[in-house]
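Values in this text are rule-based calculations from the coordinates and carry no lab data. Just so it is clear, the model here is predicted, and its values are computed rather than measured.
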Amino acid sequence: MPAGEFRKIIVAFDGSKDSFTAVELACSLASRYNSEVAVVHVYASPLVAFSAGPGMPIPDYKELEDAAKEGGQKTLSRGVQLASNAGVKVKGELIQYSSVVEALVEYAADSKADLIVVGTRGMTGFKKLILGSVSAGLVSHAPCPVLVAR
């Protein structure tokens, strides 16, 4: 692939303002290079610490797991719809993983991505930080170029 061409673009989407900007930027590049865009949302399993005495029933966390997955799917759908409205080839990927950075790095490596686009700060970012922990982690560890959208 010639330098500066992007066939596979991953965009990290968490529903934050900056992630919407990242999708718009990824779609702009995808239109220019006729690229495929993968909108990726990573959600964590709702782990709950539990301690019980002998004979106490162990609670069923399936409802919590299902709710987390459903929320993740709703978030992902918003990002996919935005990319679809931009007229690019798009697919959505919902990933359950404890580390957003690790999940995105692994996904980028496995899919042989040419570029990752991510917002400056996500839903959990502090407004005073220059880069959020996910964007900083991707810049440090991604197997391909990372474009940070602001």
Quiz item: Between Gln73 and Ser28, what length comes free when the chain is fully extended (0.36 nm per residue of separation minus the Cα-Cα distance, one decimal in nm)?
Solution: 13.8 nm
Quiz prompt | Contour excess over end-to-end distance, with Cα ends at Lys62 and Ala86 and 0.36 nm allotted per residue | solution = 5.0 nm
Practice problem: Give the long-range amide H neighbours of Asp14: residues separated by 5 or more places, or on another chain, with amide H under 5 Å away, using H modelled in the peptide plane at 1.01 Å from N. | Solution: Ser19
